[in-house]
Amino acid sequence: MSRKPMVISVAAVSGGGKTTITKELMKRLDNSKALYFDDYEFRESPADICKWVEDGADYNEWNLEPFTTDVCSILDDPTVNYIILDYPFAYLNNGMSDYIDLSIYIETPLDIAMARRIIRDFSDDTVGNILNDLTHYLSYGRTAYLEMEMSVKPSSDIVLDGVLPIERTVNQILKQIRKREKYFT
């Protein structure tokens, strides 16, 4: 009898390191697959994130069916041992929560996350576009980052320092995975 893959979710604010950590875990965990939340289009989800946060940030307003369908498909693959989700909600969406075995939150200071995001998203852009993005962040977007710290972080199993070197963070995650594997089979 084969066991189902362990599902590990990695959450952080934009620029917090989700994708970097997910890719590094993929290198270190044999027979793993990754799904990236940003690769999906969720038609039944809030159109305006800032308004969604302002209205109370109900994570169940997100219909994650395309994402959960792919998770279920991989769960049935006997060759996969780990599913790593680059996924921002931890256990807060009822449609996903039952699939997750380990939820990690990368706690990255907002100034560092913002700097990383600007470097990532605006390397070939004009100063005007960068200033517009920063103005939007200060006026509206920061509330979404704070919402994650207030809701997603405490609902995660493990909170790790987003300033640590990537290798150290990944090693901490691997240690937690190994601990849980004892009880997983």
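Comparing ALA34, ALA11, ALA57 in a Gaussian network model of the chain where C-alpha atoms under 10 Å apart are linked, the largest mean-square fluctuation is found at ALA57. What is segment 52-123 by shape, rounded, prolate or oblate, if you read a ≥ b ≥ c off the alpha carbon gyration tensor as root eigenvalues and call it rounded for a/c under 1.5, prolate for a/b larger than b/c, and oblate otherwise? Oblate.
Among ARG43, ARG180, the order of accessible area from largest down is ARG43, ARG180, computed with a 1.4 Å probe on protein heavy atoms. Projecting the Cα atoms of ALA11, PHE67, ALA57 onto the charge dipole of the chain, computed from C-beta unit charges around the Cα centre, puts ALA11 farthest toward the positive end.
Per-residue Karplus couplings for segment 129-144, computed as 6.51 cos²θ - 1.76 cosθ + 1.60 with θ equal to phi - 60°, are listed in order as 5, 5, 5, 4, 5, 5, 5, 4, 4, 5, 7, 9, x, 4, 4, 5 Hz, Gly and Pro entered as x. Taking every protein chain into account, the 1.4 Å probe leaves LYS4 with about 90 Å² of accessible area, to the nearest ten. If the segment from ASN171 to GLU44 were pulled out straight at 0.36 nm per residue, it would be longer than the present Cα-Cα gap by 42.1 nm. Among LYS175, LYS18, LYS33, the largest mean-square fluctuation in a Gaussian network model of the chain (Cα springs under 10 Å) belongs to LYS175. With the highest mean first, a sort of the peptides 95-106, 58-69 on other beta-carbon atoms found within 10 angstrom per residue produces 95-106, 58-69. An ellipsoid equivalent to segment 1-40, defined through the eigenvalues of its Cα gyration tensor, has semi-axes of 22, 12, 9 Å when rounded to whole angstrom and sorted largest first.
Annotation: peptides 118-124, 130-136, ranked by per-residue average of other Cβ atoms within 10 Å with the highest first, follow the order 130-136, 118-124.
The values are calculated or read from the model by the stated rules, or taken from the named source; none is laboratory data. Everything numeric here is computed off the predicted structure, so don't read it as measured data. Don't worry about glycine lacking a Cβ; one is built from the backbone with ideal geometry, like all the others, and counts go over all protein chains shown. Ligands, DNA and RNA are excluded from the accessible area calculation, which covers all protein heavy atoms including side chains. Shrake-Rupley method; radii C 1.70, N 1.55, O 1.52, S 1.80 Å.
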